[in-house]
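Written below as structure tokens is the structure these notes are about.
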Amino acid sequence: MYDVGNYAIASTNLDFYRNLAPADSKYYSSAQWGKLASEILQQNWDEAMEELERLKDNISAALHLTYSEVLVQRAWLIHWGLFVYFNHPQGRDSIIDVFFTPETLS
């Protein structure tokens, strides 16, 4: 559904998958990123902001990632987050919080 532009259906299906799959599943992280992309492409900024928060928390809690993998995930989080931060009403305040957290500065 994602490849043909049905982002609402893709978002719903990814939600179903995330609710059924364990958080340490091989594809759970990919489902999170897909959900974020679907929300951004639908311009659902409130839900996209919630997804960013979930992703940020899951990246910080991921024990199976190496330090360099965590840095790559955080870089992608900032990249995708820019779409949300500059379109969400409270996004400009949130971006400052993200850039000055201890995890981001390290």
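The values are calculated or read from the model by the stated rules, or taken from the named source; none is laboratory data. If you're wondering where the values come from, they're calculated on a predicted model, not measured in any experiment. Heads up, the Cβs are rebuilt from the backbone with ideal geometry, glycines too, and the neighbour counts pull from every protein chain shown. These accessible areas exclude ligands, DNA and RNA; they are computed on the full protein's heavy atoms, side chains included. Shrake-Rupley method; radii C 1.70, N 1.55, O 1.52, S 1.80 Å.
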### Query
Do any residues in the stretch 32-46 that are within 23 Å of Leu20 (Cβ to Cβ) have Cβ atoms under 9 Å from those of residues that are among the basic types (Lys, Arg) and surrounded by fewer than 17 Cβ atoms within 10 Å (Cβ to Cβ), where the two are at least six apart or on different chains, and which pairs are they?
Gln32/Arg54; Lys35/Arg54; Leu36/Arg54
### Message
Against the conditions (1) more than 17 Å from Tyr85 (Cβ to Cβ); (2) modelled with pLDDT under 90; (3) among the aliphatic types (A, V, I, L, M), where does Ile59 fall short? Just the number, please.
### Response
(1)
### Task
Those residues that are assigned to a helix (DSSP H, G or I), of a type in the set (Phe, Trp, Tyr) and surrounded by fewer than 19 Cβ atoms within 10 Å (Cβ to Cβ), I need them from the stretch 3-44; list them, please.
Phe16, Tyr17, Tyr28, Trp33
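Taking Arg54 as the residue in question, decide whether it is in contact with a Ser or Thr (Cβ under 7 Å, 6 or more places away or on another chain), open to solvent by 40 Å² or more (accessible area, probe 1.4 Å) and within 19 Å of Arg92 (Cα to Cα).
No.
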